[in-house]
Amino acid sequence: MEWISGTISNLLSQYSILFVGILLLIVLAHILLVTKRSQKYKSEYYRLQEQEQASQKVLQHRDLLHDRYKNYEQSLSYAQRIQNALFITPKQLRAHFPESFIFHRPKDIVSGDFNWARRISGKMLFSVADCTGHGVPGAFISLLGLELFRQITMGMGILDPAGILNEMNKQFDLVFGDTEEIALKDGIDLGLCAYDYKNRVLEFAGAFNSLYVIRNNELLELKGDRIIVGPDYGLQRGTFKNKRIEIKEEDILYLFTDGYPDQFGGPEGKKFKYRRFRHLLMSIHKLSMVEQKQKLEENMNEWMGSVEEQIDDQTIIGIRPASFSFSG
């Protein structure tokens, strides 16, 4: 009996040790699990906290960019008002040429295209110009071009188109000649007319841009010289020459930039091109000036559709010179 009692006692002792061991293992496993879960929760908490901080930074940057964009847009809108104040308006042009229109569609808020007109000493001067950059860079050059027109015509008394363009190049060299740190590549493509309204004689000079004259259902092109107006950055510039034409009663003149012919669109996404542009002008030139402008707008909207993005500023001026108003 003693042997049996001792054996049972030993077994109980062993089971007690085993039980305690198992219990310790369970407690240890529980501690490890709780610790792991705690670390996971802490890690998740810190991750969420970092995400929240990152989100706050993103929101701060977004708000900052929004404020900067708003200020930038407001500045551009103000610059647009200044620029438009310097351009001749359709109403002002009609005061001189009752039969005329201005089609102007900037690519951005401010434009690299500009128009100008002034009546001086028996001549009506008018121009359409395209700064080779658009947006803000083009707008800066356009303001300089407008000021040079004013200085050369009003200040120096130069009234023939070729003489004005030649003097503009001299002035560009004076302004930018000593600016070595700037490699300025932009200039101005333009067409410039001087109309002697008493004798109905028109002189034209152009820098890459042409003048279209529609007469007796035929389109005549007076081509500009292939000389840029702008800073001389190492190229040999030539001298502009005038082209002269006597104006007939029904003649219609068109000055334009390359934005309209170069616009992509149509069913194949190709450029409008000059051949199609000339055909369009021939098809609308007998309409009133209001209707001509409307047709140009409708045609371009249809050509671009809802897919194509405008790639450049677009400007076209149409004038019947014989409609000149002496009281304008």
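Computed from the coordinates by the stated procedures, all read-outs in this text should not be read as laboratory data. It should be emphasised that the depicted structure is a prediction, and the values quoted were computed from it without experimental measurement. Heads up, the Cβs are rebuilt from the backbone with ideal geometry, glycines too, and the neighbour counts pull from every protein chain shown.
Quick notes on this structure:
- Amide H partners (placed H, <5 Å) of Phe97, local residues excluded: Ser325
- Peptides 111-124, 303-316 ranked from most to least packed by the mean count of surrounding Cβ atoms within 10 Å: 111-124, 303-316.
- In Hz, Karplus ³J(HN,Hα) per residue of region 111-121 (6.51, -1.76, 1.60; θ = phi - 60°; x = Gly, Pro): 10, x, 7, 8, 10, 8, 8, 7, 9, 9, 6
- Charge dipole (debye, nearest 20) of region 88-323; +1 at Cβ of Lys and Arg, -1 at Cβ of Asp and Glu: 940 debye
- Other-chain or far-sequence residues with amide H under 5 Å of Leu220's (modelled H): Val213, Ile214, Arg215
- Positive minus negative residues near Glu302 (Lys, Arg vs Asp, Glu; Cβ under 12 Å): -2
- For region 160-289, the dipole from Cβ point charges (+1 on Lys and Arg, -1 on Asp and Glu) about the Cα centre works out to 760 debye, to the nearest 20.
- Members of Lys123/Lys248; Lys241/Lys293; Lys107/Lys271; Lys243/Lys286; Lys107/Lys241 lying beyond 23 Å, as alpha-carbon distances in this model show: Lys241/Lys293; Lys243/Lys286; Lys107/Lys241
- Summary of packing: across the peptides 262-271, 288-297, the per-residue average of other C-beta atoms within 10 Å ranks them, highest first, as 288-297, 262-271.
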